[in-house]
Amino acid sequence: MLHRIFRRILFLALLPVFILYYLIEDPAGGLMPRCVVKSITGWSCPGCGSQRFLHALLNGHPLEAVSYNYFIPVGFLLIGVVIWLEATRKSHPQRYRRFMQPLYLYLVLALIIAWMLVRNLLNI
């Protein structure tokens, strides 16, 4: 019961933030902070382009959104899988134990590092 209330409060708290972001943010305008990794190293971090991605997605341009960072949809998929595993944890404990292991965390970390290297070495 408490989780349900927390989720509703979280949703109601985040909804105005997304609406405000949709209405006033121009990714080229500079309201949001610049990437620290890119500012210091010149390399794009794995999340670079996520603000432009979100802005384009909220404005109904999914293909343009993906062009800003090809890895974000993969991240959404991975987050969705974790949420699904957590939601079905009690009804399918064996599946939960099989996939929620350190090995998979290391694989995701390796994917993130590989994406950073690929996007910078190939200028994607």
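Each reported figure results from applying straightforward, stated rules to the coordinates on display, with no laboratory input. Source: prediction; values computed, not measured. Cβ coordinates were reconstructed from backbone atoms using ideal geometry, including for glycine residues, and neighbour counts include every protein chain displayed.
Determine the relative contact order of the chain: mean sequence separation of Cα pairs under 8 Å and six or more apart, normalised by residue count, in whole percent.
Computed value for the chain: 19 percent relative contact order.
Counting Lys +1, Arg +1, Asp -1, Glu -1, what net charge surrounds I124 among other residues with beta carbon under 15 Å of its beta carbon? List each step's numbers first, then the result.
Values: positive: K38, R52, R119; negative: none.
Computed value for this residue: +3.
How much length is gained if the chain between H92 and I19 is pulled fully straight, taking 0.36 nm per residue apart and subtracting their Cα-Cα distance, in nm to one decimal?
Residue separation times 0.36 nm, minus the Cα-Cα distance, leaves 22.6 nm.
Based on DSSP H assignment, which helices of the chain show an axial Cα extent of at least 27 Å together with a mean Kyte-Doolittle hydropathy greater than or equal to 0.5?
Helices meeting the span and hydropathy rule in the chain are 2-24, 102-121.
Kindly state, to the nearest 0.05, the FRET efficiency for S39 paired with L78, given R0 = 25 Å and r defined as their beta-carbon distance.
Working from the Cβ atoms, E equals 0.40.
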